[in-house]
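Structure first, commentary second.
The values are calculated or read from the model by the stated rules, or taken from the named source; none is laboratory data. All values derive from a computational prediction rather than experimental measurement. Methodologically, a virtual Cβ is constructed for each residue, glycine included, from the backbone with ideal geometry; neighbour enumeration extends over all protein chains shown. Ligands, DNA and RNA are excluded from the accessible area calculation, which covers all protein heavy atoms including side chains. Shrake-Rupley method; radii C 1.70, N 1.55, O 1.52, S 1.80 Å.
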Amino acid sequence: YQKILASVRAKVEHAFRIIKQQLGSTKVRYRGIAKNDNKLQTMFALANLWMMRRALPQLQA
């Protein structure tokens with residue numbers, strides 16, 4: 001049971017690491033709920049692209 005939970009947790013935490021380290025969003029500044037929400041959604045979209053960067057050229061062929 002713990003191994004399954006750790007596996008799921010590792011997959012979720014990987015996206016947060018990309019957002020913090022690769023995209024430079026380690027410090028958060030309050031800019032309003034709508035602006036923060038938009039920035040967070042954009043960061044997660046970019047993180048998804050970053051994780052799939054090696055598979056994307058193969059999908060185009």
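What part of the accessible area of the chain, given as a whole %, is carbon or sulfur when the probe is 1.4 angstrom?
60
How much of LEU49 can a 1.4 Å solvent probe reach, expressed as accessible area in Å² and rounded to 10?
About 90 Å², ignoring ligands and nucleic acids.
Debye calculation, C-alpha points only, no solvent: report log10 I(q)/I(0) for the chain at q = 0.16, 0.17, 0.18, 0.20 Å⁻¹, in the same order as the q values.
Results for the chain at q = 0.16, 0.17, 0.18, 0.20 Å⁻¹ read -0.66, -0.72, -0.77, -0.86.
Would you mind computing, in nm to one decimal, how far apart the modelled labels at GLN41 and HIS14 are, each placed 7 Å from Cα along Cα→Cβ?
The two pseudo-label positions are separated by 2.5 nm.
How do ARG29, ARG54, ARG9 stack up against each other in accessible area, from largest to smallest, with a 1.4 angstrom probe?
Working: ARG29 155, ARG54 180, ARG9 130 Å².
If we order ARG29, ARG54, ARG9 from most to least accessible, we get ARG54, ARG29, ARG9.
Rolling a 1.4 angstrom probe over the protein heavy atoms, how many square angstrom per residue are accessible across the stretch 1-52?
Here the residues of the stretch 1-52 average 87 Å² of exposed surface.
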